[in-house]
Amino acid sequence: MGGFFGIASKQQCNYDLYYGVDYHSHLGTRRGGMAMYDREIGFQRQIHNIENSPFRTKFEKDVDEMRGCIGIACISDFEPQPLLVRSHLGSFALCTVGKINNEDALAELVLNKNHHYLELSGGKINPTELVASLINEENTIAEGIRFAQRMIDGSMSMLVLTKDCLYAARDFYGRLPVLIGKNDDGYAVSIESFAYEKAGFDHYRDLGPGEIVRITAEGIEQMQATDRKKRICSFLWTYYGYPNSHYEGVTVETMRYKCGEILADYDMQEGIARTVDYVAGVPDSGTPNAIGYANRTGIPFARPFIKYTPTWARSFMPTSQKQRNLIANKKQIPIKNLIEGKKLLFIDDSIVRGTQLRETVDFLYRNGAKEVHIRSACPPIMFGCKYLNFSRSKNELELITRRKVLELEGEKGMMYLDQYGDFSTDRGKAMVKAIEEEMKFSSLRFQSLWGVTSSIGLDPEDLCTYCWSGKE
Ligand code: SF4
């Protein structure tokens, strides 16, 4: 995935930039980068590998040395960035967040004009460099950004730093948020709203889909108005957005309470909720759902296990699934008297492959749980994400839902994915039952599509729900 942060200020902003982008560390694990411009020193840029050490540790010396009242920074899950570019548009730094599905065709388009690319290891082209080359196809940076957005199949939000200003652009359909904060000295741009609020900026506004703005310490100029429908990613609220953030005016934490309340309403209708001793969340994003569920039902909220975080603070680390499972297991420390002989209801943000949840449930049974009921705070994930580099649903064949459909009906079942994704249908019920049995859950229920969209509370037409509904 990845995230970015930028500032244009009347004051030196190296530290605000450093802390602001660090608050995006939950969105990526591979590379971090900062670029600043200072009238006396010029452009400065640093990139580090952050796979084994947090952003702040890696950049603590650089931030002391960097100078400027304007800068951009990013956390990247793939390529090194920000890139420093010199072209007919002048010198600029660029960072991007998004996914390019037609990378080869776009690279070919630029290569046919006798341009070149620096190759990354593995022979891949740096996607941010590809975006830079598309920007350079036009006569101004704003026109170049628009051209890049038009050409890219997928999504692409970006931040450009020049000697005089920042350009911020939100992807064409607004799959990810791009937010602006303001204080007396200037403006900040961010994916996460709390990143600039902690630096003393007030929320100013969300950019619209496809909108491009030019930002200086003195003001914001709109270079391209929003001109299309919004399809913001619903998973932002369900899973990967930080609880303190708000997007389109909807706070992540309170959305999750609401989602838990709706799950509780289903269970109260069917009487299941009355029989459990404790309701708990699979940390971290399951926890607020469990608070909502507990508040609605009156069943005590508890934390039957707690993650040991002082040395394993980062939930995305490392990149290998096997290592992740091992670390997840090492982190989980049980509280025996909340588990032994108890009927527990756990809420997880989603069920993807199911491997980690299966291990959590085994761990609870090993520690003496009598029953473990599972609720998923989102509907069954039936489709891989086409729009973002979103790890949860990258490989459709690994999804537990697809695996169960194949087991139940073979390839023919792929024609009925919409029915499988809806637990009010016979196919949906059969799939839920099959997952419940394989995973040894005492009961399983998924949130409905309606439950998610009404917890968010925006017009459903403004929300992307593709990975659940398959509707674009
Ligand atoms: S497909 Fe899923 S993960 Fe991707 S943007 Fe849409 S809702 Fe988000």
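Some values worked out for this structure:
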| read-out | value |
| --- | --- |
| Given (1) in contact with a helix residue (DSSP H, G or I) (Cβ under 8 Å, 6 or more places away or on another chain); (2) farther than 20 Å from Asn325 by Cβ, number of the condition Leu399 does not satisfy | (2) |
| Condition met for Ala93 (surrounded by 16 or more Cβ atoms within 10 Å (Cβ to Cβ), free of Cβ contacts under 8 Å to residues at least 60 places away in the same chain and of a type in the set (Gly, Ala, Ser)) | no |
| Filtered residue count, region 243-273, keeping only those that are within 16 Å of the ligand (Cβ to nearest atom) and not in a helix (DSSP H, G or I) | 4 |
| Residue ID - nearest to the ligand (Cβ to nearest atom), chosen from residues in region 429-464 that are over 23 Å from Ala290 (Cβ atoms) and surrounded by 19 or more Cβ atoms within 10 Å (Cβ to Cβ) | Cys464 |
| Residue ranges of strands (runs of 3 or more DSSP E) in region 29-140 with at least 2 members closer than 21 Å to Ala195 by Cα | 31-38, 42-49, 70-76, 90-100 |
| Given (1) surrounded by fewer than 21 Cβ atoms within 10 Å (Cβ to Cβ); (2) more than 23 Å from the chain's Cα centre (by Cα), index of the condition Asn325 fails | (2) |
| Test: residue in region 347-358 that is more than 16 Å from the ligand (Cβ to nearest atom), more than 29 Å from Arg30 (Cβ to Cβ) and at pLDDT 90 or above | yes |
| First in region 218-229 and in the same structural domain as Tyr167 (by TED's automatic domain parsing) and within 24 Å of Asp185 (Cα to Cα), second anywhere and part of a loop (DSSP other than H, G, I, E, B) and modelled with pLDDT of 95 or more, Cβ under 9 Å, 6 or more apart | Glu218/Lys10; Glu221/Cys165; Gln222/Glu211; Met223/Thr140; Met223/Glu211 |
| Filter result (assigned to a helix (DSSP H, G or I) and under 29 Å from the mean Cα position of the chain (by Cα)) within region 330-360 | Lys330, Lys331, Thr355, Gln356, Leu357, Arg358, Glu359, Thr360 |
| Flag if Ala142 is touching a residue at least 24 places away in the same chain (Cβ under 8 Å), among the small types (Gly, Ala, Ser) and out of contact with any helix residue (DSSP H, G or I) (no Cβ under 9 Å at 6 or more places or on another chain) | yes |
| Neighbours by Cβ (under 6 Å, 6+ apart or cross-chain): first from region 398-414, within 18 Å of Phe446 (Cα to Cα); second assigned to a helix (DSSP H, G or I) and of a type in the set (Ser, Thr, Tyr) | Val405/Tyr420 |
| Val361 in the same structural domain as Ser285 (by TED's automatic domain parsing) and more than 16 Å from the ligand (Cβ to nearest atom) | yes |
| Test: residue in region 198-210 that is within 23 Å of Arg45 (Cβ to Cβ) and out of contact with any Ser or Thr (no Cβ under 7 Å at 6 or more places or on another chain) | yes |
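Quick grid of which residues meet (1) crowded, with 19+ Cβ neighbours inside 10 Å; (2) farther than 26 Å from Met34 by Cβ:
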{"residue": "Glu192", "(1), (2)": "yes, no"}
{"residue": "Lys198", "(1), (2)": "no, no"}
{"residue": "Thr226", "(1), (2)": "no, yes"}
{"residue": "Lys230", "(1), (2)": "yes, yes"}
{"residue": "Phe235", "(1), (2)": "yes, yes"}
{"residue": "Tyr242", "(1), (2)": "yes, no"}
{"residue": "Tyr247", "(1), (2)": "yes, no"}
{"residue": "Arg256", "(1), (2)": "yes, yes"}
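Per-residue answers, yes or no, for (1) within 16 Å of the ligand (Cβ to nearest atom); (2) assigned by TED's automatic domain parsing to the domain that holds Asn101; (3) more than 30 Å from Phe235 (Cα to Cα); (4) in contact with a Leu (Cβ under 9 Å, 6 or more places away or on another chain):
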residue	(1), (2), (3), (4)
Ser133	no, yes, yes, yes
Asn136	no, yes, yes, yes
Glu143	no, yes, yes, no
Phe147	no, yes, no, yes
Lys163	no, yes, yes, no
Ala168	no, yes, no, yes
Arg175	yes, yes, no, yes
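The values are calculated or read from the model by the stated rules, or taken from the named source; none is laboratory data. Small disclaimer: the values here were computed from a predicted structure and weren't measured. Glycine gets a Cβ as well: all are built from the backbone with ideal geometry, and neighbour counts include every protein chain shown.
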